[in-house]
Structures are given as structure tokens and as C-alpha cells.
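Take a look at the structure set out below.
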Amino acid sequence: MNLPQLYYFRKLAEVQHYTEAAKALYITQPSLSDSIASLEKELGVSLFQKKGRNIKLTKYGEEFYQYVSESLGILEHGISLIKEKSGHISGSIDVGCIPTLLGDFLPEALDRYQKKNPLATLNIYHGMSIEVAQGVSCGKYDIGFCSMVDDMPDLVFVPITYQELIAIVQDNHPLADRGAMYLSDLKDYRLTTYRDTIPIGKVVRKLLKEKGVEAVYSYDDEISIAGRISKSSKVAIVADTPYLRQFNNLAKVRLLDVPKDTRMIYMVYSNKNFITSAVEAFANFMVASCLNMPEKEPSSVV
């Protein structure tokens with residue numbers, strides 16, 4: 001038994017398909033089959049059984065997978081710590097994020113990380129918060145950045161930054177020169193905001209309900225909201241994101257009774273998926289150097 005065999009076994013156990021596992025491991029399928037057959041012969045048990053066109057772990061395979069995953073995890077953690085000290089962390093990391101982070105927060109963070117770890121490769125994908133969370137849960141992404149998503153118990157959400165909620169109006173609107181106001185000041189105005197079926201919309205709906213303010217919940221993103229307000233006399237509650245910069249005829253008004261971190265952005269990972277040393281190092285870096293957060297003690301995440 002050797003270390004490559006254990007890595008091959010772990011990948012095959014996760015993918016449950018010889019061809020796909022061989023592609024991911026950059027080896028031929030016969031080589032993978034021979035390696036697994038040799039491992040089974042040495043252990044004296046069958047680790048996999050056929051399931052249609054795929055395969056699945058036997059009861060012995062499931063038990064062995066737990067030991068292999070734990071052992072390789074400890075080994076890779078040790079490798080990560082040493083590489084982190086030497087500045088030679090490498091590996092590929094697939095990151096899912098909401099689009100509004102791509103204008104400033106995430107590029108700045110990635111630039112700082114890759115200056116420290118030039119051998120690491122980061123692949124960035126974007127989508128709505130629910131898409132990002134689902135992608136992390138199913139293993140499509142190693143790590144994600146999005147709003148809190150409910151009813152996904154395998155996901156761990158770590159506060160990482162926030163986007164302040166503000167009011168926006170046309171620059172000729174009576175409220176345009178206010179600079180700052182309270183939510184209660186909006187009770188006599190037509191108010192619109194995010195659709196209340198998405199995470200940020202739920203946050204805003206809860207906030208407005210607490211303040212006794214009514215609104216129409218119609219939009220999915222800042223571009224849609226700002227585009228509507230730029231042609232309307234309405235007022236909108238929206239997160240202050242880079243998307244608003246393209247609208248020159250809008251005025252921003254701070255909300256004095258809304259905490260700045262009401263719309264929290266989280267880093268998310270799954271506690272059911274294997275975390276590589278590269279992903280672990282990146283996650284810990286993000287927590288240690290997160291932007292726009294109230295002061296807190298940096299700590300290890302995964």
C-alpha cells in the first residue's frame with residue numbers, strides 16, 4: 001500500500017465513477033483500476049460495488065474511507081502549515097461568489113492572497129446567493145461568499161464583510177440632499193426593494209416590518225433597482241455595492257437607524273466535503289484579513 005493508492009481511493013470514493021476519477025487524477029482508467037484492485041487484494045475485501053453505470057462503496061469501503069479521509073486530512077494539514085510558513089502554498093481553489101463582490105472586495109482580497117501565495121490558482125465563478133450555497137454544498141465550489149441561506153445544515157457560514165443598506169433616489173428628489181435620515185422618514189414615500197424570496201430581500205423585509213415601513217418587493221439585484229429608481233420618483237432600499245456607480249443621476253442617503261452590518265456577507269464551506277490544504281489556507285487568510293468588519297479576534301476556520 002502506498003500514498004498514491006490512498007489518494008486514488010479517496011477520489012474514486014467521492015466521484016463514484018472510474019472514468020471521471022481517472023480524469024480528475026490525470027491518470028488512465030486502467031491504471032486506476034489496477035491500483036484499486038491491488039489495494040483490495042492487500043486489504044482482503046471489496047471496497048466498491050457496481051451501481052448501474054457507476055459504482056458505490058461497500059460497507060468495508062465506507063469504513064475505510066473514513067480512516068483514509070481523516071489520515072490524509074491530517075497529513076495535508078501538516079503540509080499546509082509548513083508551506084504556509086515557507087510561503088509556498090499551491091493548489092487550485094474553486095470560489096463561488098455573488099457578483100457584487102467582484103467590483104472591489106474579492107479582487108482586492110485575492111490580489112493580497114496571491115502576492116503572498118503566488119503558486120495558488122483561484123478559479124472564480126459567480127451566481128446568486130442560493131446558487132453559490134448550493135454549489136458549495138454539492139462540491140462544485142470549494143468555498144463561497146454569499147448571504148446567509150437557510151435550511152442547508154451541512155454549510156458553515158463565517159461572517160466576512162458587509163454591505164451597508166442605504167436609500168437611493170433621483171438626484172432631483174426631495175430627499176436627495178438629506179445625506180442621512182431614519183427609516184421612519186420614508187413612511188410617506190413609495191418604497192421599493194429586493195424580492196422577498198431571496199436572502200437579502202428577507203433581511204430587508206424583516207427590517208422594514210420592525211420599523212413599520214411598507215414597501216414593494218420586486219427586484220433581484222442592485223442594477224434592476226437602481227435602473228428603476230433612475231427613471232422614477234420612488235425611493236429604494238438597496239445595498240451599497242459597486243453596481244450603483246454606473247448611475248450618475250442617483251443620490252445615496254444613509255439610514256441612521258439601520259446597523260451598517262445588517263446585510264452581512266459570509267464565507268461558506270461544507271462540513272461534509274473534503275477540504276484541501278490550499279482551501280484551508282485560503283479560508284484562514286480571508287478570516288484573518290477580512291475587510292469592513294467590526295473588530296474581532298482572527299481565528300482558524302477549517
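Side notes on the structure shown:
- Neighbours by Cβ (under 7 Å, 6+ apart or cross-chain): first from region 1-14, free of Cβ contacts under 8 Å to residues at least 24 places away in the same chain; second open to solvent by 30 Å² or more (accessible area, probe 1.4 Å) and not aromatic (F, W, Y): K11/A24; K11/L25
- If you check A236, A251 for being assigned by the TED database to the domain that holds Y194, in contact with a helix residue (DSSP H, G or I) (Cβ under 6 Å, 6 or more places away or on another chain) and within 20 Å of S184 (Cβ to Cβ), only one passes: A236.
- Condition check for L207: at pLDDT 90 or above, open to solvent by less than 20 Å² (accessible area, probe 1.4 Å) and not in a loop (DSSP other than H, G, I, E, B): yes
Let's see how each residue does on (1) buried (at least 18 other Cβ atoms within 10 Å of the Cβ); (2) in a loop (DSSP other than H, G, I, E, B); (3) modelled with pLDDT of 90 or more:
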{"residue": "N123", "(1), (2), (3)": "no, no, yes"}
{"residue": "Q134", "(1), (2), (3)": "yes, no, yes"}
{"residue": "Y141", "(1), (2), (3)": "yes, yes, yes"}
{"residue": "M148", "(1), (2), (3)": "yes, yes, yes"}
{"residue": "F157", "(1), (2), (3)": "yes, no, yes"}
{"residue": "V169", "(1), (2), (3)": "yes, no, yes"}
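- Checking each residue in region 26-59 for being assigned to a helix (DSSP H, G or I) and open to solvent by less than 70 Å² (accessible area, probe 1.4 Å) picks out S31, L32, S33, S35, I36, A37, S38, L39, E40, L43.
- Here the condition is being free of Cβ contacts under 8 Å to residues at least 40 places away in the same chain, open to solvent by 60 Å² or more (accessible area, probe 1.4 Å) and outside the structural domain of G127 (by the TED database); of R195, R190, it holds for R195 alone.
The values are calculated or read from the model by the stated rules, or taken from the named source; none is laboratory data. Note that the coordinates shown come from a computational prediction; the quantities given were computed from them, not determined experimentally. Counting neighbours? That spans all protein chains shown, and the Cβs are built from the backbone with ideal geometry, glycine included. Side chains are part of the model used for accessible areas, which takes the heavy atoms of the whole protein and leaves out ligands, DNA and RNA. Shrake-Rupley method; radii C 1.70, N 1.55, O 1.52, S 1.80 Å.
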